[in-house]
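To start, the structure under review is shown below, and the notes come after it.
Bear in mind that the values in this text are calculations on the coordinates, not laboratory data. Model, not experiment: these values are computed from the prediction.
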Amino acid sequence: MARPFRALIIDDDRDLALLVRRTLEFTAGWEVVTAASGASGIELARSAAPDVILVDLMMPELDGYEVCRRLKADPATGAVPIVLLTARRDLDQRRLAESGAAGVVFKPFQPDDLAREVRALCS
């Protein structure tokens, strides 16, 4: 039997990370791992072998753009699609394009639609 689809969530907001985790586990049956910072998320991405990475845009130290850029530059994680999560609607389109992200999911999102939106962005 094949393993379930695996997502890595990188978000410093533990409550939001828990909401996303539970949403993906219960509505889509995904396996989900989480990291509370950009640096720990980059390390976990190397060992967890996720099928998709969801990264909060606004984090201290390493923001989502930088986390995405570093993951894309790493041969171990460069092929994994990355989706940015943000409440900001006024995104810097240049930075977004340079980050290599597959796309953006805006908060608030509909929990029942999250897995479908992420999969659509990564197809």
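Per-structure values
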| read-out | value |
| --- | --- |
| Highest-MSF residue in the chain out of Asp113, Asp56, Asp92 [GNM, Cα springs under 10 Å] | Asp92 |
| Max mean-square fluctuation residue, GNM over the chain, Cα-Cα springs under 10 Å, options Arg88, Arg21, Arg70 | Arg88 |
| Cα centroid of the range 59-77 to Cα centroid of the range 2-27, whole Å | 18 Å |
| Within a Gaussian network of the chain (alpha carbon springs, distance under 10 Å), most fluctuating of Arg89, Arg22, Arg69 | Arg89 |
| Whole-number D in µm² s⁻¹ for the chain, Kirkwood Cα-pair radius fed into Stokes-Einstein, 10 °C, 1.306 mPa s | 113 µm²/s |
